[in-house]
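Step one of this worksheet: look at the structure below.
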Amino acid sequence: MNKIKIIMLFVILVFPVLIYLFLQSFGKNKFAIPVYYEQGVLAKDGCPTLPNGQPYHVDEAAVNQLLGISQQQSVSVYEIGNTDTESLKNNLYTFLEKYKDKKEVQLLSIKALNDTIFTRTRYDAWQRYNLADSNLMRLGRCILHLDLNSQLKADSGLVLVDQQQQIRGYYDPLELKEIDRLNTEIYILLSEQ
């Protein structure tokens, strides 16, 4: 009886270790973030036509021209078409706190000209811009493919764009769980480099 107990104890202790080692050797823990518009995108009213069937990439030259910047290849989160609220600011601070030391992540907040002019923050990654309504509409509808209403407000006002200028996600910045999802997906993007 004593030998059976020793054999059973050995099997109970060794079997999970063998399964763990097998999974570590042959298993892959990879997560895939969707790439939006891989089959192309239909142009919206008032937007330039795009080649059909080709993967869509954000027109970096057009964004740079609209914002008056020379953008570097980085993971960009565009915050556009949101009403300024304390909840929005707190959620953006939550996002920025996680990536404050990462030079390859930037947050671009873009508002209409008549919205509040921003003051400088302690986050270098947070860049703020004010655009004329026509340029804001062009950036939101034609380049980032957001549904902006007549007040230039969006239903999902955060857009994740990777280093290859592919749109990787749309998020509601007023929902903390969406900010958590954004943080997770940026972490995955950065680990793919």
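The values are calculated or read from the model by the stated rules, or taken from the named source; none is laboratory data. Bear in mind the structure is a predicted one, so any value in this text is a computation, not a measurement. Positions of Cβ are generated from backbone atoms using ideal geometry, with glycine treated the same way; all protein chains shown enter the neighbour counts. With ligands, DNA and RNA removed, areas are computed over all heavy atoms of the protein, side chains included. Shrake-Rupley method; radii C 1.70, N 1.55, O 1.52, S 1.80 Å.
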field: In degrees, nearest ten, helix 176-191 long axis to first principal axis of the chain (Cα)
entry: 70
message: What Kirkwood Rh does the range 23-63 have if only Cα atoms enter the pairwise 1/r average? Answer in Å.
response: 13.2
message: Could you work out [θ]222 nm for the chain from helices alone, using -39500 (n - 2.57) per DSSP H run of at least four and dividing by all its residues? Round to the nearest 500 deg cm²/dmol.
response: -11000 deg cm²/dmol
statement: Residue-normalised value, i.e. accessible area per residue, for the chain at 1.4 Å probe, in Å², stands at 62
- prompt: Expressed in nm to one decimal, what extension gain is obtained for the pair GLU192 and ILE12 from 0.36 nm per residue of sequence separation less their Cα-Cα distance?
  reply: 61.1 nm
field: Cα-based helix-to-principal-axis angle, 86-98 vs the chain, degrees rounded to 10
entry: 50
- prompt: How big is the charge dipole of the range 34-107 about its Cα centre, in debye rounded to the nearest 20, if each Lys and Arg gets +1 on its Cβ and each Asp and Glu gets -1 on its Cβ?
  reply: 140
Cα-based Lys proximity count in the chain, under 20 Å, for pairs eight or more positions apart or on separate chains: 10
task: Quick one: which residues, 5+ away or cross-chain, put their amide H under 5 Å from the amide H of TYR129? H built at 1.01 Å from N.
output: SER109, ILE110, LYS111
- prompt: Taking the Cα centre of the chain as origin and charging only Cβ (+1 Lys, Arg; -1 Asp, Glu), how large is the dipole, in debye to the nearest 20?
  reply: 820
Anisotropy class of the range 40-111 from Cα gyration tensor, a/c 1.5 cut: prolate
message: Can you tell me which of PRO55, PRO16, PRO173 moves the most in a GNM of the chain? Springs connect C-alpha atoms under 10 Å apart.
response: PRO16
- prompt: What is the Cα convex hull volume of the chain when expressed per residue in Å³?
  reply: 176
field: the range 1-90: radius of gyration over Cα atoms, expressed as a fraction of 2.2 N^0.38 Å
entry: 2.24
- prompt: Taking the Cβ-Cβ separation of PHE26 and GLN164 as r and a Förster radius of 25 Å, what is the calculated FRET efficiency to the nearest 0.05?
  reply: 0.25
task: Using only Cα atoms, find the angle between the long axis of helix 2-26 and the longest principal axis of the chain, and express it within 0 to 90 degrees, rounded to the nearest 10.
output: 30
task: Quantify, in whole percent, the carbon and sulfur part of the accessible surface of the chain (1.4 Å probe; protein heavy atoms only).
output: 56
Choice from GLU86, GLU104, GLU178 showing the highest fluctuation, given a GNM over the chain with Cα pairs closer than 10 Å: GLU86
- request: Give me the distance in nm between label points sitting 7 Å out from Cα along the Cα-to-Cβ direction at ASP180 and HIS57, one decimal.
  value: 3.5
query: With the dipole of the chain worked out from charges on the C-beta (+1 for Lys and Arg, -1 for Asp and Glu) around the Cα centre, which of LEU50, ALA112, ILE6 lies farthest toward the positive end?
result: ILE6
